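Single-structure report; data block below.
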């Protein structure tokens, strides 16, 4: 979830190799926008089977609850199934894995959270049945207490057949490596499940900048990084080798900070037992999506950290469009094979039910 921001366009030779493109961009100045790119190259205009793993939904009941709490922004109130399908069709997206963005059900009491999460998850399951093949789900669970979270996790995966669970990067001032979340992580690992994460603003860091700068601009990327660091150095990642993590927005600020993370157990040997396979091993096994990261400043760093096979197509609709994302990936200079991997193949490997 992010506020509207100018699209970061690149130099136009869509077939230019990535390294050459970046050299040209630096020479021209990162702030310049060069004319002449007409749009996707011809070999990609027919690609219609993309899978969008970062695509938001707002069930009517969920919107009503957000509205009562004065948390429903206009973009939330205006969302509709018809509009989301239209965006998908324009971008050649066959399937969107739907998820609730922040605040999910963290804004209310435990009983209400259980009810809202159940209503939302069942609504998405019905939507998937009504539109075969078009929608999947990363189910929302109430994190106010562990038993409620585990009960909804089981119901969503076993009964509703959700594709995975969607959590926020933090709850209050606890990130996902916190011991209180260990039973949830262990159960997801036991199931070899997919855990999609979406950033939020932690209690520590709300309203600390100029009032006109919302948390989406800085805090979301930072909170994603905090939860990755917490998952790795709490030992959660090593303890849960079968849990498949997806992190939004190219991992936030993580790629830039990788060297500091790698050196942390060298500087403080007490951390080493928590990362027995090494920090880089864990960072490289995670998946990262392209939402709000389909520009050279993010992609140049992310693609040095992980192979293309760990990058997933994510649009962040309705806060950005699928076409925005495609244009950014093409302009970056990915090969057609890489674009196909990001657009579909990597998601199919993670979610094999969509292979057909």
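What the table below lists for this structure:
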item: Any hit, the stretch 311-331, residues being under 20 Å from residue 241 (Cβ atoms) and surrounded by fewer than 17 Cβ atoms within 10 Å (Cβ to Cβ); result: no
item: Set 228, 213, 208: member being touching a helix residue (DSSP H, G or I) at 6+ places or on another chain (Cβ under 6 Å) and more than 20 Å from residue 148 (Cα to Cα); result: 228
item: Boolean, residue 283 is modelled with pLDDT of 95 or more, part of a helix (DSSP H, G or I), buried (at least 22 other Cβ atoms within 10 Å of the Cβ) and out of contact with any helix residue (DSSP H, G or I) (no Cβ under 6 Å at 6 or more places or on another chain); result: yes
item: Some residue of the stretch 119-131 being surrounded by fewer than 19 Cβ atoms within 10 Å (Cβ to Cβ), at pLDDT 95 or above and either assigned to a loop (DSSP other than H, G, I, E, B) or touching a strand residue (DSSP E or B) at 6+ places or on another chain (Cβ under 6 Å) (or both); result: yes
item: The stretch 151-202, subset surrounded by fewer than 17 Cβ atoms within 10 Å (Cβ to Cβ) and touching a helix residue (DSSP H, G or I) at 6+ places or on another chain (Cβ under 6 Å), residue farthest from residue 238 (Cα to Cα); result: 172
item: Condition broken by residue 174, with the remaining ones in (1) more than 20 Å from residue 253 (Cα to Cα); (2) more than 16 Å from the chain's Cα centre (by Cα); (3) modelled with pLDDT of 95 or more satisfied; result: (1)
item: Matching residues, the stretch 346-356, being buried (at least 19 other Cβ atoms within 10 Å of the Cβ) and farther than 18 Å from residue 99 by Cβ; result: none
item: Any hit, the stretch 217-240, residues being over 15 Å from the mean Cα position of the chain (by Cα), part of a loop (DSSP other than H, G, I, E, B), modelled with pLDDT under 95 and surrounded by fewer than 18 Cβ atoms within 10 Å (Cβ to Cβ); result: yes
item: Residue in the stretch 138-149 that is exposed (fewer than 14 other Cβ atoms within 10 Å of the Cβ) and more than 25 Å from residue 285 (Cβ to Cβ) present; result: yes
item: Members of the stretch 320-356 found to be on the phi < 0 side of the Ramachandran plot and part of a loop (DSSP other than H, G, I, E, B), listed by number; result: 320, 321, 334, 335, 351, 355, 356
item: Neighbours by Cβ (under 8 Å, 6+ apart or cross-chain): first from the stretch 253-274, more than 17 Å from residue 238 (Cβ to Cβ); second outside any helix (DSSP H, G or I); result: 254/247
item: Condition check for residue 74: within 19 Å of the chain's Cα centre (by Cα) and either surrounded by 22 or more Cβ atoms within 10 Å (Cβ to Cβ) or farther than 30 Å from residue 345 by Cβ (or both); result: no
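Per-residue answers, yes or no, for (1) in contact with a helix residue (DSSP H, G or I) (Cβ under 6 Å, 6 or more places away or on another chain); (2) closer than 20 Å to residue 141 by Cβ; (3) at pLDDT below 95; (4) not in a helix (DSSP H, G or I):
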| position | (1), (2), (3), (4) |
| --- | --- |
| 51 | yes, no, no, yes |
| 97 | no, yes, no, yes |
| 107 | no, yes, no, yes |
| 111 | no, yes, no, no |
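The values are calculated or read from the model by the stated rules, or taken from the named source; none is laboratory data. Just so it is clear, the model here is predicted, and its values are computed rather than measured. So basically every Cβ, Gly included, is an ideal-geometry build from the backbone, and we count neighbours across all protein chains shown.
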